[in-house]
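Have a look at the structure below before the remarks.
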């Protein structure tokens, strides 16, 4: 029943859009993640910068390329809410380095986690404005390097400490002043599944050509002691992947689907078993709507 | 410096809009909460149904009235997402009982926590529709009893298990089909502070005459092991009460301001000390914008 039980894993076309985000196998080195993905027949990696730093960017790019894998995204840039000008300059320099890294790795998607409220600051309106200003600072450099800044709305429970960007609608507003090829957005089911405006805003990502990445994992309860580690394997929690996946498909998105799970139990498990489960759940829960033809209820499909 | 240090607490007019929600002093009986509020010069109570059940509704109403206190709201009705028809009927019966209780207690505000996803169900769109249907079922009974159903958007981290109603905008949409005097909304800072649409949606509550209650407490980190107990005393966390309070004031809202804090440390502390801190923080952090005249930047105030 597992994906890898059906002959050589490399030939399982059902996995052709699946990407392993290296955060899912936190204790694997980059080389181990590459080898694990190859063994499991997973053709792409979403790579965190700490894994790239292990071997250096050029070498990381070569290792991934030599293994025949794609890089679906680089995680992550961002943390742009500082008030202090020196801190702002430092953040911009770090983001420019991340842009260069993404280009070297051969991905055009740099995932951006924008940052929370700076120490002792409660001015969320001001913090959001600074994010807009810093994105504007970075767009020319990203554009020169052929890299897209991919804005990630995070679950509102991370608003204070990780991202004042809390909804997909807000991400699209933040992206709006910039060309679609320079600033996109990512839909991560964990962060946005609860949003009553989700159907409408996902459709809008399609109309505005902003949907750059789709990440899947589940919402588990109870919330973990470290709230960051609350993510679950698809199927273990409350998220309706069929419905959200259908909305994503209807935008025309046909790119990689990354599985990014921060979860202490998954991190403690055997990596190959995690990837086998991940591939099986992907095929069972995520792929069905991703594979269907787009919803035919669109006006441009009406014969009348 | 405390509110109670300035003469007889009963005469401190700065506390005239402050209401103690009985959840803040969880281990106090109704009688203890009444006595504590009187000692602290707090003129109103937001009452939970378990405290009312201790003595019976008629007796609870009399005790509160005899102490010279108001009831700012009854907490709570709701939990309307059941799929099973028998469960739905049970929920409706329980909500009708809560409506009768509110009327007997002399408050027109029944706070509604709508409920999360039923067991093993992931259809959030369907759950939200059932909430809309059950609200419609309840409106005539509420209206006959002069009670307003006050819809409470809860923080999205409670979407799976407590309330599929997650934003103020969604609450206003849910209220829209019904008369404003029958269905209102509550702004609870803890639940909505992160919302990028908050300014706009609070202003809308004013235009649509839906703002029935204002509850304050802070957003603390880390999220508590029991996520329900993450609320903090105003000033201990990340919320900008000045800004949100100004938006609320500008709607014309001049009713009670309830302090409702679920927090194990606050529950373990001496109740009178909690009320003294609460009154002081209210005066320092919440009252300043609540007392100012409305923002003069409105178009109808422009001489031109």
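A few comments on the model shown:
- Inter-copy label distances at residue B:67, using a point 7 Å along Cα-to-Cβ, come to 6.5 nm with the shortest given first.
- Segment A:168-229 versus segment B:52-96: alpha-carbon centroid distance in Å: 38 Å
- DSSP beta bridge pairing in the protein assembly as shown, given as percent antiparallel to the nearest 5: 5 percent
- Label point 7 Å beyond Cα along the C-beta direction, distances from residue A:270 to other copies (nm, shortest first): 5.9
- Cα pair distances in chain A, grouped into 20 Å bins until the bin that holds the longest one, percent each: 34, 60, 6
- Over all distinct Cα-Cα pairs of segment B:1-125, the Kirkwood formula returns a hydrodynamic radius of 16.0 Å.
- Likely footprinting exposure, A:124, B:223, fewest C-beta neighbours within 10 Å first: B:223, A:124
- Taking other C-beta atoms within 10 angstrom as a stand-in for reagent exposure, A:236, B:121 fall in the order B:121, A:236, fewest first.
- Our helix-only sum for chain B, with -39,500 (n - 2.57) per DSSP H run of n ≥ 4 divided by its residues, gives a mean residue ellipticity at 222 nm of -12000 deg cm²/dmol.
- Relative contact order for chain B, counting Cα pairs under 8 Å that sit 6 or more residues apart, in percent: 18 percent
- At 7 Å out from Cα toward Cβ: residue B:54 inter-copy label distances (nm, ascending): 5.8
- Overall form of segment A:147-304: oblate. Here a/c, set by the Cα gyration tensor axes a ≥ b ≥ c, is 1.5 or more, and a/b is not larger than b/c.
- Residue order for B:120, B:19, fewest other beta carbons within 10 angstrom first, comes to B:120, B:19.
- Segment B:83-211 gives an Rg/Rh value of 0.95, both radii derived from C-alpha positions and Rh following Kirkwood.
- Restricting the calculation to alpha carbons of segment B:129-204 gives Rg and Dmax of 12.5, 37 angstrom.
- With q set to 0.05, 0.07 Å⁻¹, the log10 of I(q)/I(0) for the protein assembly as shown, from the Debye formula over equal scatterers at the Cα positions, is -0.24, -0.48.
Bear in mind these aren't lab numbers, they're just calculated from the coordinates by the rules spelled out. Treat the numbers as computed from the prediction; the structure is a model and nothing was measured. Cβ sites come from the backbone with ideal geometry, for glycine too, and all protein chains shown count toward neighbours.
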